[in-house]
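To keep things clear, I will list the structure first and then write my remarks on it.
Any read-out appearing in this document is the output of simple, stated calculations on the displayed coordinates, not a laboratory observation. Source: prediction; values computed, not measured. FYI the Cβ positions are ideal-geometry reconstructions off the backbone, even for glycines, and counts take in every protein chain you see.
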């Protein structure tokens, strides 16, 4: 019975008390099980580090992430100081700068930080959404990886040390600027010019999508004068001694873009007017290295961040169903809601398990990442390189697609409150997840690339063998169906003919890749659950 009461006593305080007290790692038995399954004799160290950082992520950094998400806290540009000096200062909230300094002080890319410790730190941090942290972390990881392979000068070795180990307790932040106005993913169409002036390379032209614009260093693609080959450079945002003076290294930040998600992170248009740049790797291998190494790390991280987003969304939705009542019942007692929660939880768990499984395979990769498709070496090593390359792209498209579905479903559990920005983090996570679908190659580009990859590799690695190897010990019926379909789809000449049959094949290939990676995820979850 419900009688009128002008002083409605209803409150969300019990739910809020739980949410305020939850510890992302300590209160999550599943992620503890995943960590224990994959880390082996490194489990105790990884577990201890996870528990320590989780107390920061779950409370102090969570609160910072919520504060800086408010529209009035969005970063903005101050192009000139009071004396008409061009400074292009990116003005960010104090909370962002404090959190950023504390997060990067974790020295995630230091030689002293084991890989599994780094991964669990990233997974927990990503549960707070982008928060001007997720993109800079993965971009810095890619910068460190490419410099570890190619740093061969005093300048590039200094940049590597600054990003990896820190200098005077200051850990540098990396970014990557590839896209130009004529085509984001079409990196070969880049026209930014690199000019050798004496012993120094300088860049001229405009990059159109530059995220983590506040970074200290950026990996930038450019074409040397007179060449059609894309080269790779690392560009300091400021030359030594100029950061405090706010004198940028030969560039202007033209404007900050207004994005659907990741709003706390600046994405800008930058014009280079002779910025000093340092080559990274052979000039003719820039495209292969940026795609094969730098973007691969970013795509790998997309899967991890999607798992983290989903985990938090499902956790909060489930608890809300235990608290909220409607029509005389707890919301969680309705079979429709129970089914939705089970589906969401399965997606979150299998995405998490597969992200760790893929990382485990990545760590075991002989010789590490290679730029481009490996052509030389033992056949077993070539096949493993190919598997990791394709699995990372499969994870990127599947996990980012699933994340928006899961978070949208979680929002629906909250009813109208699900889209209220100050009620929960879910609207923000949803927007950030939508951006994840596009960053580092949209779905259509990666699907087309994978189809081409399987055709190119088929002479020495058949698609059916690929399916068998990545789904080892999986359901034989599922494997047989996937083998039959991939054989038919890869046999189709190409995905570029503008006819109805090609469109149908494209649609089937899209659905097939989603199912294939789900099978890999299901196998990973089965292995974790024992």
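Annotation for residue 325 and residue 284: the two label points, set 7 Å from Cα along the Cα-Cβ direction, are 7.5 nm apart.
Rounded to the nearest 500 deg cm²/dmol, what is the calculated helix-only ellipticity per residue at 222 nm for the chain, with -39500 (n - 2.57) per DSSP H run of length n ≥ 4? Walk me through the numbers before you get to the answer.
Numbers: 17 runs with 268 residues, N = 530.
So the helix-based figure for the chain works out to -16500 deg cm²/dmol.
With a/c under 1.5 counting as rounded, go ahead and sort the stretch 288-529 into rounded, prolate or oblate using the C-alpha gyration tensor (a ≥ b ≥ c being the square roots of the eigenvalues; past the cut-off, prolate if a/b is larger than b/c, else oblate). Judged from the Cα gyration tensor, the stretch 288-529 comes out prolate (a/c at least 1.5, a/b above b/c). For the stretch 140-292, the share of DSSP beta bridges that are antiparallel, to the nearest 5, is 85%.
Neighbour counts of other Cβ atoms within 10 Å put 201, 61 in the fewest-to-most order 201, 61.
Kindly list the residues of the stretch 66-92 that lie in the label zone of residue 206, defined by a backbone N under 19 Å from the point 7 Å along the Cα-to-C-beta vector. In the stretch 66-92, the label zone of residue 206 (backbone N under 19 Å from the point 7 Å along Cα→Cβ) covers 77-80, 87-89.
Modelled spin-label separation between residue 23 and residue 98, with each label point placed 7 Å from Cα along the Cα-to-Cβ direction: 2.3 nm.
Of the peptides 509-521, 96-108, the order by per-residue mean of other Cβ atoms within 10 Å, starting with the highest, comes out as 509-521, 96-108.
Full-extension gain between residue 346 and residue 111, please, as 0.36 nm times their residue separation minus the C-alpha to C-alpha distance. Write down the numbers at each step before the final one.
Numbers: separation 235, 0.36 × 235 = 84.60 nm, distance 3.50 nm.
Answer, rounded to one decimal: 81.1 nm.
Whole angstrom only: what separates the Cα centroid of the stretch 185-230 from the Cα centroid of the stretch 471-529? With the stretch 185-230 and the stretch 471-529 each reduced to a Cα centre, they are spaced 37 Å.
The calculated P(r) of the stretch 14-164, using every Cα pair and 10 Å bins from 0, goes 10, 31, 32, 19, 6, 2 in percent.
Available extension along the chain between residue 468 and residue 511 is 13.6 nm, counting 0.36 nm per residue and deducting the alpha carbon span.
For the stretch 288-529, the relative contact order is 24 percent, taking Cα pairs closer than 8 Å that sit 6 or more residues apart in sequence and dividing their mean separation by the residue count. When both the stretch 414-465 and the stretch 308-373 are represented by their alpha-carbon centers, they are found 15 Å apart. Classify the stretch 120-250 from the C-alpha gyration tensor, please: rounded if a/c falls under 1.5, else prolate or oblate depending on whether a/b exceeds b/c. It is oblate, given that a/c is not under 1.5 and a/b is not larger than b/c.
Please compute the contact order of the chain in relative form: average sequence separation of alpha-carbon pairs under 8 Å and at least six residues apart, divided by the residue count, as a percent. Computed over the chain, the figure is 12 percent. When the scattering of the stretch 190-277 is computed by the Debye formula from its Cα atoms alone, each counted once and equally, what is log10 I(q)/I(0) at q = 0.21, 0.24, 0.26 Å⁻¹? Listed by q, the Debye log ratios stand at -1.01, -1.23, -1.35. Report the residues of the stretch 463-478 in range of a label on residue 526: point 7 Å along Cα→C-beta, backbone N strictly under 16 Å from it. From the stretch 463-478, the list is 467-478. The distance from the alpha carbon centre of the stretch 70-128 to that of the stretch 28-61 is 23 Å, rounded to a whole number. For residue 73 and residue 196, the difference between the fully extended length at 0.36 nm per residue and the C-alpha to C-alpha distance is 40.2 nm.
What ratio of Cα Rg to 2.2 N^0.38 Å holds for the stretch 56-114? Before the final figure, lay out each step's value.
Values: Rg = 15.4 Å, N = 59, 2.2 N^0.38 = 10.4 Å.
Normalised by 2.2 N^0.38 Å, the Cα Rg of the stretch 56-114 equals 1.48.
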